[in-house]
Every structure is written in C-alpha cells, then in structure tokens.
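Single-structure report; data block below.
Please treat every number below as a calculation from the coordinates, not as lab data. Bear in mind that the values here come from a model prediction, so they are computed numbers and not experimental data. Neighbour counts run over all protein chains shown; Cβ positions are idealised from the backbone, glycine included.
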Amino acid sequence: MTAPIDTAVAEKVPRSNTELLALYRQMRRVRTFEERVGELFVRGQSAGSMLHLSIGEESAAVGVASLMRDGDTFTTHHRGHGIFLARGADPNRMMAEIGGKEEGYCRGKGGSMHIADMGLGHLGANAIVGGGIPAVVGAGLASKREGRGAVSIAFFGDGAMQQGILYESMNMAALWDLPVIFVCINNQYGMGTRIEQATKGRALHERGLAFGLNSETVDGLDVRDVRAAAGRIIDGARGGTPGFLAVECYRFFGHARMDKSPYRTPEDEEQGRAKDPVGFARKALVESGESSEADLDALDAEIAQEMDATIDFTVAAREPALQTMFRDVYAPGEPEPESVAARIDRILAGD
C-alpha cells in the first residue's frame, strides 16, 4: 500500500490549453536545442567523440521540470540536455559546455555527459548507467534533516532499471521517508537492446510499489498527462512519501549521434515517431483554437533563432587555457601538479 496523495493536486495541475502553449514552447526549445547539438557534432565542434540526443522524450523533461521549485535538486543521465534546459538552463552556456569551451557551465570540462550547476540544483549528469541515482538519496536526506521542503529527482533511462543501485536507493528512500523521486524515461531501448529483451516485467512502476513508493506509469504522448502524473508524485514526495514515475516515450534516433540504429526496422521507427509529443501538442493547440498554424510557425522561428545563436556563441567562445586544467579538481590553495615538461626543464636547469 502506498500513502494517499492529495487529490487536490489535480487542481494545481490543470489540463488547460493556455498551459499547453507554455509547455509546447519549452518542448520546442528542447527539441531545437538538441537538433543544434547534433549540428555542432557533425561540424566537428563538440568536445569528445559521443553525445546522446533526447529527441522524442521532450514531454518527460518538460512535464516533470515544470513543477520543480527553487531549492529542488536533480541528477540526470548521459541523455540529459533537455532536462537541464527544461529546468531553466542558459542554452548558450549549455552549448558552450558541449563544445568544450571556457564559457560553458563547467568551463568545458564536463562536455555533453557531465554538465552540472548547483545554482539550478543540478547535482550532475552521469555517463555511468544509474550512476546519478544514489545522489538524490543524500540530497533528500539533507532536505529532510534541514526542513527545507525541497525534493530531489533522479532522471534515468530504462536501461538503469536493471541496475542494483536503483533498488538500494529506492529502499533507503522508503525506509527514511525521504522527499525523493525516481523518474524513468522509458524510451524503449537501452543502447541497442529493446526493453522486452531486457526485462520480463514491463510494468516498471510496480517495482516502485514493491518498496512502498507512490508509483505510476504515464504515456508521454501528451505532456499534460505527464505533468499531471508528475504533480501527484511530487506532491506525495513533499508530503514525505518518495515516488517513482515511468514515462513511456520513443527515442527518435540512435543511442549516440553516430548510431544508425541497425537494430530497428523502418516500420518500428515510423510507428515510434508517430508518438511525437511536440507534434501532438501543436495539433492540440490548433484544434482547440488556442493558437493558429501561423502563430506556432512564428514561435518556432523565434526559437530556431534563439538556438542558432547558441552555435555562434559556442564557436566564438574561448578554448580553456592549458593552465586551467586542474582548476576545480584540487582544493583552492593546493599546489597544482607539475607538468612533465616543466619537471624536465627544472631538472635540466639544476633547480
């Protein structure tokens, strides 16, 4: 049995078309940003050899992040650009980080898979599957002990559902009644493995129920449904009962940018991409009369211009100076390691 959730939360999270326009704008920003991330990679101007796009998963990021408050914290996985942007990140600084530039959130050291920002409560992205999950248990414990009323949310993919650390974390969160939420973005594939080939039980929320968590699975097609389900889970967590939310969606592209998805058939991709949360929201806005096609075209163009500017910003941004390599790695005041070249020069000089 899970603790009851205040049904009044449904009034806090209305399914209005006015709300949908704001959610559509955020989802369109996430999608367009991810498209520009792919462009930066193709141009050879991103840091590192891999990056992972969340196109098709926008409703999960926006639906949950739209209900977070100041002081709430979260962790993401390697496919976390959209979550951070939905939480309020500066797209210029995000793109600069992905490009490995000094103006990035982590001065170019984190790249695509390790962005963090304590100012927005981002405790860090983690490329290890499930690696960021236990951090929210600590954050939730701190919030509870200090009486801050903040929740901490772990975002991860369906591949992490087979990691033991998830179950250890859910158990501790339940034992200690922590304001913690586990959000599984089930995009149907863990790298190249289809979900039904990885687990017999497809009702992922039932695993949360087993630990006494408020747990739901929601279809990610309509961002309003995601937001309503997230509202119930977040409301419960603020009241002392941790939660688990699985958002069913479809990963439009391969695991990483260079993955051409040879493990998927064209028919599977066509059916999956038909569950497009951005396209669904746009259609709902037009059919309701809330917005016209022309209005939304203008909004899309405005967002495209905003995200085009992130490329220009990143290309013009500074490369990190070599001497900053150890900054933020060693504590302030500690001597930085000496380079091999400097050591050789010192020895040859007889110092």
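Could you give each residue of the range 97-106 its phi-based ³J(HN,Hα) in whole Hz, using Karplus coefficients 6.51, -1.76, 1.60 with θ = phi - 60°, and x for Gly or Pro?
For the range 97-106, the Karplus curve yields 5, 4, x, x, 9, 4, 7, x, 4, 10 Hz.
Work out how much length MET50 to ALA304 would gain on full extension: take 0.36 nm times their residue separation and subtract the Cα-Cα distance, in nm to one decimal.
The MET50-ALA304 span can extend by a further 89.1 nm.
Could I have the simple spin-label model distance between ALA142 and ALA321, label points 7 Å from Cα toward Cβ, reported in nm to one decimal?
3.1
Hey, what do the phi angles of the range 185-195 turn into as Karplus ³J(HN,Hα) couplings, whole Hz, using 6.51/-1.76/1.60 and θ = phi - 60°, x for Gly and Pro?
3J(HN,Hα) across the range 185-195, in whole Hz: 8, 8, 8, 5, 9, x, 6, x, 9, 5, 4.
Describe numerically, in nm with one decimal, the distance between label points set 7 Å from Cα along Cα→Cβ at VAL42 and at GLN162.
So the two model labels end up 3.2 nm from each other.
Straight-line reach only, C-alpha to C-alpha below 21 angstrom: list the lysines that LYS101 could link to, leaving out same-chain residues fewer than 8 apart.
List returned: LYS109.
When we measure straight from the Cα of LYS283, which lysines land under 27 angstrom away, once same-chain ones fewer than 8 places off are left out?
LYS12, LYS275
Under 5 Å between amide H atoms, partner at least 5 residues away or on a different chain: which partners does THR73 have, H built in plane at 1.01 Å?
Sorted by chain and number, the residues that satisfy this are VAL151, SER152, ILE153.
Grab the beta carbon distance between ALA274 and ASP328, set R0 = 56 Å, and tell me the FRET efficiency rounded to 0.05.
0.80
Where q = 0.12, 0.13 Å⁻¹, what log10 of I(q)/I(0) comes from the Debye formula for the chain, counting one point per Cα?
-0.88, -1.02
Determine the dipole magnitude for the chain: charges of +1 sit on the beta-carbon of Lys and Arg, -1 on that of Asp and Glu, nothing else is charged, the reference point is the Cα centre, and the result goes in debye to the nearest 20.
680
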